[in-house]
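Chemist: There's a structure below that I have some questions on.
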Amino acid sequence: MSNGATTQGRQDSTASSAPPAAVLARLQQQLSGNPLIAILIGGAAVIAIVVALLMWARAPEYRVLYSNLSEADGGRIINELDSRGIAYRFSEGGSALLVPGESVHSLRLQLAEQGLPHGGNVGFELMDNQAFGVSEFAEQVNYQRGLEGELSRSIESLGPVARARVHLAMARSSVFVRDREPGKASVIVTLESGRTIGDSQVSAIIHMVSSSVPDLASENVTVVDQNGRLLSQPNAQGRGLDATQLDYVAEVERSFRQRIENILAPILGQQNVRAQVTAQVDFSRREETSERYGPNQPPNEAAVRSRQSSLSFNGGDGVAMGIPGALSNTPPGTAPSPIELPEDENGELAEEAQENLRALNNLQQDDVVNYEVDRSVSHVQHRQGQVMRLTAAVVVDYREERDEEGEWQRVPLSDVEVAQIERLVRQAIGFSQARGDEIEVVNSPFSRVLEDEEALEWWQSPEVHELALTLGRYLLVALGALLGYLLILRPLIKRHTQQPVLANAPGTGLQVRVGDDSEVAEGELESDGDDDDLRPYQKPKRKRRSSAYEDHLAELRELAQEDPRMIAMIVRSWMNKHE
């Protein structure tokens, strides 16, 4: 026992004082003694490589969730993403927050429900928590700040606009006209990367701001982008038309062009007709008021406005005179019967009767008749945007026909067919000679060489490119797995599962385990598969260099000195085997 303890202590001290190379050699010897460990390690490495490649191939495509966020909004959004367990990353410049592409839209809706991002603009919620006894000036300032914030939020809701800032100079009223100051506004917009804003959108921003602020005219609103470029230019850069009017003209021309092409396409074919229409549109605003007086009509047809008649008659009887009393109030004797005088068609006394009356009595008659004067008042407001003149140009391709030999050839249209097409175009656009419209129809062959060259091959399609990239990822994963098996796993399995060969090292009395590829020198012993005894190897093999044999022998001696325990175990196994 003491002998064994001494040997064990000596081995421990030898192992503790062994250099790192000896430790590595011992570890290699232990791994070679248990080949399953090396196989497991190699298999785990191959599996790890394959899993890593699969994760890389199935990695989601990251897209922009929000860009140009403020630090406060960015921190709130990141905290929300962390609480939901959603992966995210930043762009190279750090100006955009990226998330997996399949969850971009759902995340935007969910974050918008929570009011994220808040943005840097403060709206009318500033008026909710005002201090008690705040001054009128502070109220006015808070109202102006809230109005600016609400306008900024409205402008930021437009597609091309990322951020907006509004400055308002409120109008000042005064009882004196010369002291009144109109309102003014300036808008600074920051556009999205790669986006532009059109004239119609600028006009919409101007009208929205001017309609939201009292006493603010659209001419006093200025719009500037982040590059300092003035976007609000009056009268559409001196053309006299704003963007809305230009869009209306383009819409009118497009409508007439589509009418022409739609009516000719069923007859000639969609690719065989081209049309262009130019419209002159009057955007002036005019109003007319006219008043006309007509001549007097005959009496029976004229309308009588007023009629005044006066008749004064002095007969032969005197007027009652004297002192008032019973005698003076006594009526005279019986009055003579009234005289019926002839009248004319108009109800007036005849001339003869009037002369007789004048001769007999003092008679005075006045008759005044006022007739209505004919008057016509008309107020006409002309429609704005009325088409003043149309000009249309239509080009028709040649017709294809088979000749006598059965080959296709292109022939021009006849004059009758061209005239028929021109009549159809006239009816389609509502041709008016009084308006000065003009139409020109030309029959000419179309050039189709470019159209044939523009056809893409199947392998140039973007869908094919995307499919090839996807397949390439998975092929790369399969190639990595195959290389891992061939370069790592297969050599380990082959190395640790092959049958070892035992040979005697001359001069040492020990047997050495040699691999399949190893060679022993002439006169070495080799174990026989049938007998347990060792016998000399009769068939000499190819001689190796003496230096190689000496190197192997030196390594074996060094191994016996460094780890005698292992040598003892080998000898013990031989003894047990021969017993």
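The values are calculated or read from the model by the stated rules, or taken from the named source; none is laboratory data. Note that the structure is predicted; figures quoted are calculated from it, not measured. Note: ideal-geometry Cβ built from the backbone for every residue, glycine included; neighbour counts use all protein chains shown. For the accessible areas, the whole protein counts, side chains as well, though only heavy atoms, and no ligand, DNA or RNA atoms are used. Shrake-Rupley method; radii C 1.70, N 1.55, O 1.52, S 1.80 Å.
Chemist: Just give me the residues in the range 56-90 being in contact (Cβ under 8 Å) with a residue 24 or more places away in the chain and among the polar types (S, T, N, Q), in sequence order.
Modeler: Across the range 56-90, the qualifying residues are S67, N68, S70.
Chemist: Something else about it: For the range 552-579, what are the residues that are outside any helix (DSSP H, G or I) and open to solvent by 100 Å² or more (accessible area, probe 1.4 Å)? Outline the logic, then answer.
Modeler: So in the range 552-579, the residues outside any helix (DSSP H, G or I) come out as 563, 579.
Residue satisfying the conditions is E579 alone.
Chemist: How many residues does the range 268-277 hold that are touching a residue at least 12 places away in the same chain (Cβ under 8 Å) and open to solvent by 60 Å² or more (accessible area, probe 1.4 Å)?
Modeler: 3
Chemist: Working carefully through the options E407, E440, find the one that is surrounded by 11 or more Cβ atoms within 10 Å (Cβ to Cβ) and charged (D, E, K, R).
Modeler: Values: E407 fails: surrounded by 11 or more Cβ atoms within 10 Å (Cβ to Cβ).
On inspection, the qualifying residue turns out to be E440.
Residues checked against (1) open to solvent by 100 Å² or more (accessible area, probe 1.4 Å); (2) modelled with pLDDT of 75 or more; (3) not in a loop (DSSP other than H, G, I, E, B):
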site: A236; (1), (2), (3): no, no, yes
site: A250; (1), (2), (3): no, yes, yes
site: N262; (1), (2), (3): yes, yes, yes
site: N296; (1), (2), (3): yes, no, no
site: S309; (1), (2), (3): no, yes, yes
site: G325; (1), (2), (3): no, no, no
site: T330; (1), (2), (3): no, no, no
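Chemist: Pick from A38, A96: which is out of contact with any Asp or Glu (no Cβ under 7 Å at 6 or more places or on another chain), of a type outside the set (D, E), modelled with pLDDT of 80 or more and surrounded by 13 or more Cβ atoms within 10 Å (Cβ to Cβ)?
Modeler: That would be A96, the only listed residue that is out of contact with any Asp or Glu (no Cβ under 7 Å at 6 or more places or on another chain), of a type outside the set (D, E), modelled with pLDDT of 80 or more and surrounded by 13 or more Cβ atoms within 10 Å (Cβ to Cβ).
Chemist: Looking at I155, I205, I197, which is the one that is open to solvent by less than 50 Å² (accessible area, probe 1.4 Å), at pLDDT 85 or above and part of a loop (DSSP other than H, G, I, E, B)?
Modeler: Details: I155 fails: part of a loop (DSSP other than H, G, I, E, B); I205 fails: part of a loop (DSSP other than H, G, I, E, B).
Only one candidate passes the filter, namely I197.
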